[in-house]
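First the structure, in the form of structure tokens, and then the observations on it.
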Amino acid sequence: MEIKQIKDINNVLEILWEYDKDHQKINFPKDNPNHEEFKKNIIKEYEEEPEGFFLIYENDDPIGFLKLKVKYNPYRQQKYGDVRCIHLDTSFRGKGYGTKLLEFADGYFKKNGCKYAFAGISAFNQGSNFLFKKIGYDTTRMILEKEY
């Protein structure tokens, strides 16, 4: 596995769109991915912190995506890391790649002066919930939803 920083977001938009559609299906099964909104949002986030965008490769083939963001919590008066997206092709899940990606994220956040890391994970995504808890993340808040 090789983790490479994305140098030009426009060159990989369609790869990231395919990952996002799969990511949405797993994490937000009631939602419908929107290509134009995705492009607008991913470009905006890339412009804010391009060094936090990574493609994951196996034998020169892209197999996943990692999006990290450094933020500031004014209540704690500390920088923290936000794992915005971690996505692996289905055939690479459950083989230790996710653990390596989160260890990479820890290094990125520590290098950038973060005191802790945060990840919002869908309740539908049991694999990610297991992975993050295994690597040391604790549940500190919940978002509840009610449909009408």
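With the condition kept exactly as written, say whether any residue in region 117-124 is outside any loop (DSSP other than H, G, I, E, B) and either among the polar types (S, T, N, Q) or closer than 19 Å to ILE3 by Cα (or both). Within region 117-124 (the criterion being outside any loop (DSSP other than H, G, I, E, B) and either among the polar types (S, T, N, Q) or closer than 19 Å to ILE3 by Cα (or both)), the answer is no, since none of the residues qualifies. Counting only residues that are outside any loop (DSSP other than H, G, I, E, B) and touching a residue at least 12 places away in the same chain (Cβ under 8 Å), which one in region 125-148 is surrounded by the fewest Cβ atoms within 10 Å (Cβ to Cβ)? Here the answer is LYS134. On the given criteria, is ASP60 open to solvent by 100 Å² or more (accessible area, probe 1.4 Å) and not polar (S, T, N, Q)? Yes, satisfied.
For region 75-105, residues that are in a helix (DSSP H, G or I) and open to solvent by 50 Å² or more (accessible area, probe 1.4 Å) total 5.
Would you confirm whether any residue within region 16-36 is open to solvent by 80 Å² or more (accessible area, probe 1.4 Å) and touching a strand residue (DSSP E or B) at 6+ places or on another chain (Cβ under 8 Å)? No, that holds for no residue. Please name all residue pairs, on different chains or six or more residues apart, with Cβ atoms under 8 Å, provided the first residue is in region 54-79 and is in contact (Cβ under 8 Å) with a residue 24 or more places away in the chain and the second residue is among the basic types (Lys, Arg) and not in a strand (DSSP E or B). From residues that are in contact (Cβ under 8 Å) with a residue 24 or more places away in the chain, the pairs are ARG76/LYS115; GLN78/LYS115; LYS79/LYS115.
The values are calculated or read from the model by the stated rules, or taken from the named source; none is laboratory data. Keep in mind the model is a prediction, meaning the values are calculated, not measured. Neighbour counts run over all protein chains shown; Cβ positions are idealised from the backbone, glycine included. Just the protein is used for accessible areas: all its heavy atoms, side chains included, with ligands, DNA and RNA removed. Shrake-Rupley method; radii C 1.70, N 1.55, O 1.52, S 1.80 Å.
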